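Participant: Just passing along the structure, written as structure tokens.
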Amino acid sequence: MLKYIFSPIKIGKMELSNRLVVPPMVMNYCNEDGTATERFIAYHEAKARGGWGLIITEDYAVDPRGKGFSRIPGLWDDSQIESHSRLTERIHKYGAKIVAQIYHCGRQTNHLVIGEQPVAPSPIPCPVNQEMPHELTVKEIKEVVEKFGDCAYRAKKAGFDGVEVHGAHGYLIAQFMSPYSNKRTDEYGGSLQNRLRFPLEIISNIKAKAGNDFPVIFRISADEFVPGGRTIEDTKAIAIILEDAGINAIHVSAGVYASADAIIPPSAVRHGWITDYAAEVKKVVSIPVITVGRINDPFVAEAIISSGKADLVSIGRGSLADPEMPNKAAAGKFEDIVQCIGCMQGCIERLFKNIDVKCLVNPSLGRELEFAIQKAGIKKKILVAGGGPAGMEAAIVAAKRGHEVHLYEKADILGGQYRLASVPPSKGEITTFITWQKKQLNKYGVIIHLNTELTAEIADEQKPDIVIIATGGKPFVPDIPGIDKPNVVAAHDVLSGKADVGPKVIIVGGGMIGSETANHLANHGKEVIIVEMLPQIAKDEEANVRMYLMKDLEEKKVVVYTNTIVKEIDDDGIKVERNGKTEKIGPADTIVLAVGVKPVNNLAEQLQNKVEKIITVGDAFEVRKALEAIEEGYKAGLEV
Ligand code: SF4
């Protein structure tokens, strides 16, 4: 059915068996000296085994001063070649091709990562990193050009099938190419030809050192989405010049750090949103064009290639969510594919903290060896209490390991509170994970007991070896006068459709749940006020997700009171303390409470000494995010 994505293609002399590409994504899995760890290799190996035609690795620094994160790979020294040779050897066993993306981050780093002042074409700080860079002299520019060529040569020696020159996302090459960051008046600044001198010298240096036939892909941001930055028309002109300089493919992305949501968009952004830009570039070049941009489904990739807008499709976070996507798609096992839900919790949120990347829907990401699912030596009877994502994950892993697993859920439907998280606008894809989990439960023979709360009595009857408690949490009810009034409802009941809400609503608590509930209600025409005691709302939301949420709330005219403490709930509003004064906020028909969640776990105590082992996971243990809950569920499945 998917004949386009599974057709072969050539990039220069490199022959690819299909059009599915893993684009470069920083994982922070390497050693600090830039050498490859077994974790880094195993992570890539899972992709090669999963059937991807081309893997483009994350940014190989050409110089330690060009590192944007602590634990990225590097090929700035011959001593680094050996560990990366082991990587390419392992990838080639599966018939996949592997290309090293090579880069220098320029001003988009800071002294905490590189231990010195960043460099740039001009002494203008990156608005995100905010460190004044050193303006490169012409001599220093020439040295960096040599480093790119040396790095490409080392990549060739290490067995890579080509290199991708990172000219996108506001890194050093992009800084030179853009009038947004390049204010030089020498031969490297000003006109388009001058701004392109740096990348053109790099391409020429690579070809001189690694050979004319060593494939070179160039990555570029179609539009930088910053005032004074490059636009698609500039990019098309640049693409023509780069093709003439001998690049073998162009990889069209978008954005710089100051428009980071364009680089890594959350679920609020449409699938394949950069593809129309790639199509524009494709009109002016004859080399293959690679597109990217929140593509998480093989059918979307197929539609892109069949429509002729691009020749190859990069699926980044989709490949983190499911490294086996190509194999499953080729076998027609579409329902087995775990899709990226654009949550940002495991990947970008952790990367912004400069720590290793994880994935909410794929706990084994980056722990392919440690988290491998092996058959259990002895088949046991496992009872799982709670059919939220943590409980379901525990049940799936335990069942895959060959145990007899019973899953108890007191509601008439699986998904727990995570199902409610899918209700607000832009969050609908969360349900793809819940439906995937349900499918896996059935596939691996988990016995599901809906409308049944696991009790000590049931446990006595069933005589399990192990009980996994994943009973989640319940809304916290604060001790405020008026809390029992009939106009007061919980956000959870609003999202589940249990509570009716009047036309004017006050939401007490502006964390992630309160703010998303406000967005949901405003989307349905309600007049909404959020009251939050902290200085900002939605602070527990991931940065890029929060950005879109805040825009939504503003557009829908949601009123926000911060630094405001609720003192009392009335029939038609609330009394609050604000700026040292007591005032009334309202009128409102409904007061929605979203002031937090507390763990639910009555079972552990009742089962003490009755079963071999009790494992408590997720919110039942401690209220946190779905990322932690699902990982704990997975680990519990491994532990039993
Ligand atoms: Fe996608 Fe979320 Fe996984 Fe990141 S953590 S890859 S956004 S599902």
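The values are calculated or read from the model by the stated rules, or taken from the named source; none is laboratory data. This one's a predicted model, so the numbers in the text were calculated from it and none came from an experiment. FYI the Cβ positions are ideal-geometry reconstructions off the backbone, even for glycines, and counts take in every protein chain you see. When the accessible area is computed, the model is the full protein with side chains, heavy atoms only, and any ligands, DNA or RNA have been set aside. Shrake-Rupley method; radii C 1.70, N 1.55, O 1.52, S 1.80 Å.
Participant: Please state which of the following conditions Phe334 fails to meet, knowing it meets all the rest: (1) open to solvent by less than 40 Å² (accessible area, probe 1.4 Å); (2) more than 16 Å from the ligand (Cβ to nearest atom).
Facilitator: That leaves (1) as the condition not met.
Participant: Additional query: Within region 385-402, is even one residue assigned to a loop (DSSP other than H, G, I, E, B) and either of a type in the set (Asp, Glu) or not assigned by TED's automatic domain parsing to the domain that holds Lys613 (or both)?
Facilitator: No, region 385-402 contains no residue that is assigned to a loop (DSSP other than H, G, I, E, B) and either of a type in the set (Asp, Glu) or not assigned by TED's automatic domain parsing to the domain that holds Lys613 (or both).
Participant: Also: How many residues does region 321-331 contain that are of a type in the set (A, V, I, L, M, F, W, C), open to solvent by 10 Å² or more (accessible area, probe 1.4 Å) and touching a residue at least 40 places away in the same chain (Cβ under 8 Å)? Before the answer, list the steps.
Facilitator: First pass over region 321-331, keeping only residues of a type in the set (A, V, I, L, M, F, W, C): 321, 325, 329-331.
Pick out the ones that are also open to solvent by 10 Å² or more (accessible area, probe 1.4 Å) and you get 330-331.
Checking the rest, the ones that are also touching a residue at least 40 places away in the same chain (Cβ under 8 Å) come to 330.
Here the count works out to 1.
Participant: Moving to a separate point now. Starting from residues that are more than 6 Å from the ligand (Cβ to nearest atom) and assigned to a loop (DSSP other than H, G, I, E, B), keep the ones in region 337-355 and report whichever is nearest to the chain's Cα centre (by Cα). If you could, list the steps in order and put the result at the bottom.
Facilitator: Kept after step one, since they are more than 6 Å from the ligand (Cβ to nearest atom), are these residues of region 337-355: 337-339, 348-355.
Then drop every residue that is not assigned to a loop (DSSP other than H, G, I, E, B), which leaves 337-339, 353-355.
Numbers: Ile337: 17, Val338: 14, Gln339: 11, Lys353: 13, Asn354: 14, Ile355: 13 Å.
Filtering first and then ranking leaves Gln339.
Participant: Ala303 fails exactly one of the following numbered conditions: (1) small (Gly, Ala, Ser); (2) under 18 Å from Glu224 (Cβ atoms); (3) surrounded by fewer than 21 Cβ atoms within 10 Å (Cβ to Cβ). What is the number of that condition?
Facilitator: (2)
Participant: Those residues that are surrounded by 24 or more Cβ atoms within 10 Å (Cβ to Cβ) and under 16 Å from Trp436 (Cα atoms), I need them from region 363-394; list them, please.
Facilitator: Selection gives Gly387, Gly388, Pro389, Ala390, Gly391, Met392, Glu393, Ala394.
Participant: Suppose we filter region 206-219 for residues that are outside any loop (DSSP other than H, G, I, E, B) and buried (at least 21 other Cβ atoms within 10 Å of the Cβ); how many remain?
Facilitator: 6
Participant: Kindly indicate the residue of region 126-158 that is open to solvent by less than 70 Å² (accessible area, probe 1.4 Å), in a loop (DSSP other than H, G, I, E, B) and hydrophobic (A, V, I, L, M, F, W, C) and also nearest to Val216 (Cα to Cα) among those meeting that condition.
Facilitator: Result: Ala158.
Participant: Tell me the strands (runs of 3 or more DSSP E) entirely within region 1-76 that contain at least 1 residues that are under 24 Å from the mean Cα position of the chain (by Cα) and within 23 Å of Phe371 (Cα to Cα).
Facilitator: Answer list for region 1-76: 20-22, 54-56.
Participant: Evaluate region 96-108: report whether one residue or more is modelled with pLDDT of 95 or more, assigned by TED's automatic domain parsing to the domain that holds His251, among the aromatic types (Phe, Trp, Tyr) and under 26 Å from the mean Cα position of the chain (by Cα).
Facilitator: yes
Participant: Kindly indicate which of Gly308, Gly318 is surrounded by 24 or more Cβ atoms within 10 Å (Cβ to Cβ) and without any contact (Cβ under 8 Å) to a residue 40 or more places away in the chain.
Facilitator: Unique residue meeting the criteria: Gly318.
Participant: Restricting to region 609-634, and then to whatever is more than 17 Å from Gln437 (Cβ to Cβ) and free of Cβ contacts under 8 Å to residues at least 12 places away in the same chain, can you tell me which residue is least open to solvent (accessible area, probe 1.4 Å)?
Facilitator: Arg624
Participant: Which residues, taken from region 159-198, are closer than 23 Å to Ala36 by Cβ and either in a strand (DSSP E or B) or not assigned by TED's automatic domain parsing to the domain that holds Ile220 (or both)?
Facilitator: Within region 159-198, Gly162, Val163, Glu164, Val165, His166 meet the criteria.
Participant: Still on this structure, please answer the following. When you check Asp234 against the structure, is it open to solvent by 10 Å² or more (accessible area, probe 1.4 Å) and within 16 Å of the ligand (Cβ to nearest atom), yes or no?
Facilitator: Taking the combined requirement at face value, the residue does not satisfy it.
Participant: Condition first: within 16 Å of the ligand (Cβ to nearest atom) and not small (Gly, Ala, Ser). Now tell me which residues in region 302-321 satisfy that.
Facilitator: The answer is Ile315, Arg317, Leu320.
Participant: Output the residues belonging to region 32-47 that are open to solvent by less than 10 Å² (accessible area, probe 1.4 Å) and either in contact with a strand residue (DSSP E or B) (Cβ under 8 Å, 6 or more places away or on another chain) or at pLDDT below 95 (or both).
Facilitator: Gly34, His44, Lys47, listed by residue number.
Participant: Going by the structure shown, is Met27 in contact with an Asp or Glu (Cβ under 7 Å, 6 or more places away or on another chain) and buried (at least 22 other Cβ atoms within 10 Å of the Cβ)?
Facilitator: Numbers: in contact with an Asp or Glu (Cβ under 7 Å, 6 or more places away or on another chain): yes; buried (at least 22 other Cβ atoms within 10 Å of the Cβ): yes.
Criteria met by Met27.
Participant: Of the residues Lys375, Lys358, Lys379, which is within 16 Å of the ligand (Cβ to nearest atom) and in a loop (DSSP other than H, G, I, E, B)?
Facilitator: So the residue among Lys375, Lys358, Lys379 that is within 16 Å of the ligand (Cβ to nearest atom) and in a loop (DSSP other than H, G, I, E, B) is Lys358.
Participant: Please enumerate the residues belonging to region 361-372 that are free of Cβ contacts under 8 Å to residues at least 24 places away in the same chain and either near the ligand (Cβ under 10 Å from one of its atoms) or of a type in the set (Asp, Glu) (or both). Let's see the steps before the verdict.
Facilitator: First, the residues of region 361-372 that are free of Cβ contacts under 8 Å to residues at least 24 places away in the same chain: 370, 372.
The answer is Glu370, and nothing else.
Participant: Across region 109-125, what is the total count of residues that are surrounded by 17 or more Cβ atoms within 10 Å (Cβ to Cβ) and touching a strand residue (DSSP E or B) at 6+ places or on another chain (Cβ under 8 Å)? Outline the logic, then answer.
Facilitator: In the first step, residues of region 109-125 are kept if they are surrounded by 17 or more Cβ atoms within 10 Å (Cβ to Cβ); the result is 109-110, 113-114, 118-122.
Those left that are additionally touching a strand residue (DSSP E or B) at 6+ places or on another chain (Cβ under 8 Å): 118-122.
Residues meeting the conditions: 5.
Participant: Considering only residues that are open to solvent by less than 70 Å² (accessible area, probe 1.4 Å) and either among the hydroxyl-bearing types (Ser, Thr, Tyr) or out of contact with any strand residue (DSSP E or B) (no Cβ under 9 Å at 6 or more places or on another chain) (or both), which ones fall in region 439-459?
Facilitator: Across region 439-459, the qualifying residues are Gln440, Thr452, Thr455, Ala456.
Participant: Hand me the list of strands (runs of 3 or more DSSP E) wholly inside region 461-542 holding 3 or more residues that are open to solvent by less than 20 Å² (accessible area, probe 1.4 Å), at pLDDT 95 or above and under 24 Å from Gly386 (Cα atoms).
Facilitator: Because the criterion is at least 3 residues that are open to solvent by less than 20 Å² (accessible area, probe 1.4 Å), at pLDDT 95 or above and under 24 Å from Gly386 (Cα atoms), the strands (runs of 3 or more DSSP E) in region 461-542 that meet it are 466-469.
Participant: Considering only residues that are part of a strand (DSSP E or B) and either crowded, with 17+ Cβ neighbours inside 10 Å or in contact with a Gly (Cβ under 8 Å, 6 or more places away or on another chain) (or both), which ones fall in region 579-608?
Facilitator: Quick first cut of region 579-608, residues part of a strand (DSSP E or B) only: 581-585, 590-593, 597-599.
Hits for region 579-608 are Lys584, Ile585, Thr590, Ile591, Val592, Leu593, Val597, Lys598, Pro599.
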